[in-house]
Structure formats: C-alpha cells, structure tokens
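Scroll down for the structure; my scribbles are underneath it.
Every number here is computed from the coordinates shown, using simple stated rules; none is lab data. Since the structure is predicted, the reported quantities are computational estimates derived from the model, not experimental observations. Here the Cβ is made from the backbone with ideal geometry for all residues, glycine too, and neighbour counts use every protein chain on show.
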C-alpha cells in the first residue's frame with residue numbers, strides 16, 4: 001500500500017534528496033494521517049459516548065490531537081524545505097526538529113488529560129456499557145493505527161525525517177493504547193469487571209512515555225548531537241582512499257537538519273610535495289564527500305614533515321609517553337624546532353570528553369613526560385577535546 005501511494009502521488013519518488021520530492025512525501029503522509037485520524041476520532045467518539053467510557057472518549061480525543069499534529073508536521077516539513085536566505089544561511093531544515101518538539105508537547109498534554117479523567121472516574125465512578133459496535137470500531141482502529149505507524153516509519157526512513165519518526169512512535173503507542181481499551185471492553189463483557197478507569201491510567205502512562213521520548217529526541221537534535229559513528233567512518237574511508245592523504249584530524253560535523261550536513265576536517269600531506277597537486281587532491285576529496293555522502297565539506301590541508309629521522313623518532317617517543325599517561329590520548333600536527341639552549345616540540349593532543357582533567361593539568365602532565373626524554377625539550381600543546 002505504501003509503495004502504491006508513493007507511486008500514485010509522488011513524482012520522481014526514487015530521489016528523496018530532492019527538496020521538492022521530500023516535501024511531496026511529507027505532504028502525502030500528513031494528508032493520509034489527517035484523514036485517517038479524523039475518521040478514527042469520529043468512530044471512537046461515537047463508541048465512547050454509547051459506552052460511557054472515559055478511556056474510549058480520551059482515545060478519540062487523542063486521534064483528534066494526532067490530526068492536529070499531522071497538520072503541524074506538514075507545516076514544519078514545508079518550512080524546512082525553504083531555501084537558505086540571508087537570515088538563515090544554512091537553510092531551514094531544523095524546523096522539523098521544532099515541529100517534533102511541538103508534537104511532543106501535544107502528546108504530553110493528551111496523556112495528562114487522560115490520566116486526570118481516569119483518576120476522576122475512579123473517584124466518581126460511572127457504569128460502562130458494552131456495545132458490539134464499540135468492539136468493531138476499536139479493532140479497526142488498532143489495525144489502522146498499526147498500518148499508519150508502519151507507513152510513517154517507512155517514509156520517515158526514506159526521507160530521514162525526525163518529525164515522521166515522532167509521528168510513527170505516536171501512532172504505535174496509540175495502537176497499543178486502543179488495544180488495551182479493547183481488551184478492557186471484552187473483559188467487562190465476559191466478567192462484568194469494569195477496569196475502564198484503570199486501563200485509562202495505563203494508556204495515559206503509555207502516551208506520556210511516548211511524548212517524553214519524542215521530546216528528548218527533538219531536544220537533542222536542536223541542541224546538536226554527536227554525528228553517527230558510521231558517518232565518521234564513511235568520511236575516513238573516502239579520505240583514506242587517497243594515497244597522499246597521510247592522516248585526518250580535527251573533524252567537525254554539524255547537522256543543520258535532514259539533508260543538510262556541513263563538515264570541516266584537516267588532512268595531513270607531505271610538506272615536500274607540490275602544493276598545487278596537494279590542493280587538487282583536497283578539491284577532489286571535498287567533491288567526493290558531497291557527491292557520495294551529501295556533505296558540504298571544507299578540508300584544510302596540513303603539511304607535515306615526512307622522512308626526517310629525528311622528527312619521526314621524537315614523534316614516536318612523545319606518543320609512547322602519551323600512551324603511558326592514558327591509552328586514549330593521541331597526537332597530530334607534530335613539529336620540532338631546535339634551539340641553542342632549548343628545543344620546542346609543538347603538537348596537538350586529542351583528549352576524549354571522558355577524561356576529566358583540565359587542559360592545564362593535562363599540559364603539565366604531558367610536559368613533564370616529554371622532559372623525561374630530554375630536559376631541554378619544551379612543549380607547546382594544543383588540547384583538542386572530542
């Protein structure tokens with residue numbers, strides 16, 4: 001069904017990186033979600049009214065809020081597709097994260113209202129009534145919500161949309177909630193045990209947990225997350241395929257929304273090689289990163305001394321001292337400047353965030369370790385946290 005809908009309503013559906021195609025996918029999922037949720041709201045509200053069930057009525061209102069959330073998702077995806085402008089030079093793609101956060105607030109509000117109504121029914125009980133129509137409507141709702149969740153997951157994965165992933169989580173939690181209400185209704189029919197309010201509380205907690213998950217995901221995306229390790233590995237693979245690229249460091253990857261990744265990195269090259277040849281290689285790396293990974297990359301060329309026996313020996317000795325201090329430390333951009341009374345060893349040290357020593361404490365420990373090689377050595381150390 002998903003493939004058929006995409007084929008019928010989306011032109012050039014196999015190119016989701018195209019902003020217009022991406023927007024068409026978002027429009028399709030939102031339209032399907034709005035229509036189905038409005039139909040489910042009407043059916044459940046009728047069933048809840050007939051059965052005097054707070055759980056079913058609350059579930060119906062949840063579907064109505066889902067329709068509103070889909071409208072927000074549609075608006076967010078449309079805004080995210082806008083081109084960059086003077087005020088937003090990196091585009092508007094992060095608007096999807098804002099939309100996801102708004103959706104999470106709506107989910108949390110619905111969960112709170114359902115929890116409150118369920119507790120109120122425990123305090124002030126109202127007898128629930130059984131109707132076959134209620135069972136049919138709830139069963140159909142579970143099936144529809146499961147399909148809608150899978151539909152949003154498929155499209156969200158295809159266009160890499162956090163907003164649609166949030167909608168998928170909401171749909172699947174709704175299916176679970178409706179299933180619980182259905183089970184409660186059948187138990188009441190067979191045992192005369194009215195667990196409506198208690199099931200309402202369970203459903204409310206399920207909805208609240210889903211809302212918190214969506215909120216945390218949106219918050220992390222807006223604040224800025226560490227790039228996926230697989231993406232960093234792909235970048236290293238591209239650079240490592242060039243024989244004249246001797247090393248890579250100071251890699252920074254920024255996500256400005258789906259399809260908008262910007263990276264900067266330093267690539268070490270032999271300082272004795274022709275600068276124009278090396279610059280041509282850097283240009284090719286930038287282009288390949290863009291073509292294959294969709295990354296807007298800026299690559300800095302770092303010339304290093306290659307083949308100098310003394311520099312190679314010192315680099316190895318300093319690296320051994322770093323490993324003795326902490327095996328997680330590593331160095332790059334190593335330079336050696338000999339002087340009459342003392343010599344400078346200039347290098348950068350990569351320090352994982354897990355190492356809690358301050359930069360100054362690290363410099364003192366490293367400087368002391370280097371002076372154990374030769375007391376006339378002085379260090380000029382740049383600390384790179386990452």
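A few points about this structure:
- For the peptides 294-301, 268-275, the ranking by packing is 294-301, 268-275, with the highest mean count of neighbouring Cβ atoms within 10 Å listed first.
- Residue order for 236, 363, 385, fewest other beta carbons within 10 angstrom first, comes to 385, 236, 363.
- In plain terms, the chain from residue 367 to residue 337 could stretch by 9.2 nm, reckoned as 0.36 nm per residue minus the Cα-Cα distance.
- Percent antiparallel among DSSP beta bridges (both partners in the chain, rounded to 5): 40 percent
- Each of 123, 169, 381, 346 has some number of other Cβ atoms within 10 Å of its Cβ, and from fewest to most they run 123, 346, 381, 169.
- Extension gain for residue 277-residue 7 works out to 92.5 nm (0.36 nm per residue, less the C-alpha to C-alpha distance).
- Averaging 1/r over every pair of different alpha carbons in the chain and inverting the result gives a Kirkwood radius of 25.1 Å.
- Placing a pseudo-label 7 Å from each Cα along the Cα-to-Cβ vector at residue 242 and residue 354 gives an inter-label distance of 3.2 nm.
- Estimated FRET transfer efficiency (residue 78, residue 378; beta-carbon r; R0 35 Å; 0.05): 0.05
- Point-to-point label distance, residue 122-residue 287, nm (Cα→Cβ direction, 7 Å offset): 6.8 nm
- As a calculated quantity, the FRET efficiency between residue 220 and residue 316 at R0 = 30 Å, using C-beta atoms, amounts to about 0.15.
- For the stretch 170-232, the relative contact order is 35 percent, taking Cα pairs closer than 8 Å that sit 6 or more residues apart in sequence and dividing their mean separation by the residue count.
- Between residue 385 and residue 132, the contour length at 0.36 nm per residue exceeds the alpha carbon distance by 84.7 nm.
- Normalised by the number of residues in the chain, the average gap of Cα pairs under 8 Å and 6 or more apart makes the relative contact order 12 percent.
- Here 165, 86 are placed in order of increasing Cβ neighbour count within 10 Å, fewest first, which gives 86, 165.
- Residue 298/residue 209 FRET efficiency (R0 41 Å; Cβ-Cβ; nearest 0.05): 0.50
- Values of log10 I(q)/I(0), in the order q = 0.11, 0.24, 0.28 Å⁻¹, for the stretch 309-385 under a Debye, Cα-only, solvent-free model: -0.25, -1.18, -1.59
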